[in-house]
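Notes follow the structure.
The values are calculated or read from the model by the stated rules, or taken from the named source; none is laboratory data. All of these numbers come straight from a predicted model, not from anything done at the bench. We place every Cβ from the backbone using ideal geometry, glycine too, and count neighbours over all the protein chains shown.
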Amino acid sequence: AIAIENLTVRFTSKRATVTALDDIDLRVADGEFVSIAGPSGCGKSTLLKAVAGLTDSTSGSVRLRGRHVKGPQREIGYVFQRAALLEWRSVRKNILLQAEMRGMPKAAAARRCDQLIEMTGLAGFENALPHELSGGMQQRVSLCRALLHEPGVLLMDEPFGALDALTREEMNVELHRIWRETGTTVVLVTHSVAEAVYLANRVVVMSPRPGRIVETLDVELSAE
Ligand code: ADP
Ligand code: MG
């Protein structure tokens, strides 16, 4: 699904040059769930953005399902740390924003939206506004929005970082179930090693400045 080879990303300003990623090699197979763990500032977000085509690479290459990544990629789903919902739109309309932006056929999008609302336990809240939801529910809405177009690859950047411990565990169980049901490839960035190990087939550990992969661990026990 993803092939990253010798990827280096440097940010240069008048004052300094930061090597955010240094010579990263990573392959993610179709249907795999990979977690990327590491301390703040080690380049986790930069790595996800490079896969999504939101950050230019300085050298090396990124391929998504065989094609070189150049500019923003359409066939992915992206979940940010903050739910980033539109306050004036209902749950349903926030999810369907994805369909509007992509010009998806309306009936199919509505059907998929209903399925996702059911799958993530949001049934009964279709017409609620974001401020009427808990943090966990808001993040569920943003997960539904990221899954609406059935992306082959789902990229998640510390999606549960702002949630309390119990909600976070609940969301982890749900995410694992959704991954099994949809078969989508997932790359999840987290600074929680427990979360990384619980969810993933493989955990990639990074070190900061310059951002490098220091270890890759296969997880034998999965969350069944
Ligand atoms: P993480 O997500 O692991 O906390 P980031 O990928 O956000 O780390 O950042 C890695 C490094 O790159 C940091 O030192 C950060 O300051 C720097 N960086 C990230 N994005 C930019 C940018 N757009 N411009 C300049 N420096 C950046
Ligand atoms: Mg980050």
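Of all the residues in segment 166-212, those that are surrounded by fewer than 20 Cβ atoms within 10 Å (Cβ to Cβ), of a type outside the set (D, E, K, R) and under 22 Å from Leu21 (Cα atoms) number 7. Annotation note: of Val69, Val51, the sole residue that is within 18 Å of the chain's Cα centre (by Cα), of a type in the set (A, V, I, L, M, F, W, C) and within 16 Å of ligand 1 (Cβ to nearest atom) is Val51.
Filtering segment 2-48 to residues that are within 15 Å of Pro210 (Cβ to Cβ), among the hydroxyl-bearing types (Ser, Thr, Tyr) and assigned to a strand (DSSP E or B) leaves Thr8, Thr12, Thr17, Thr19. With the condition kept exactly as written, say whether any residue in segment 204-216 is assigned to a helix (DSSP H, G or I) and touching a residue at least 60 places away in the same chain (Cβ under 8 Å). No: segment 204-216 contains no residue that is assigned to a helix (DSSP H, G or I) and touching a residue at least 60 places away in the same chain (Cβ under 8 Å). On the stretch given as segment 64-105, residues that are surrounded by 14 or more Cβ atoms within 10 Å (Cβ to Cβ) and touching a strand residue (DSSP E or B) at 6+ places or on another chain (Cβ under 8 Å) total 10. Residue count for segment 17-63, restricted to those that are away from ligand 2 (no atom under 16 Å from the Cβ), closer than 27 Å to Gly183 by Cβ and surrounded by fewer than 21 Cβ atoms within 10 Å (Cβ to Cβ): 10. Of the candidates Glu215, Glu132, Glu150, the single residue that is in contact with a strand residue (DSSP E or B) (Cβ under 7 Å, 6 or more places away or on another chain), acidic (Asp, Glu) and either modelled with pLDDT of 90 or more or surrounded by 21 or more Cβ atoms within 10 Å (Cβ to Cβ) (or both) is Glu215. Of all residue pairs spaced 6 or more apart or on separate chains, those with beta-carbon atoms under 7 Å, a first member in segment 173-192 that is modelled with pLDDT under 90 and a second member that is of a type in the set (Val, Ile, Thr) are Glu174/Thr120. Within segment 9-33, being more than 12 Å from ligand 1 (Cβ to nearest atom) and over 17 Å from Ser207 (Cα atoms) holds for Arg27, Val28, Ala29, Asp30, Gly31, Glu32, Phe33. Considering segment 114-129, the residues that are within 30 Å of Arg67 (Cβ to Cβ) and surrounded by fewer than 20 Cβ atoms within 10 Å (Cβ to Cβ) include one that is farthest from the chain's Cα centre (by Cα), namely Gln115.
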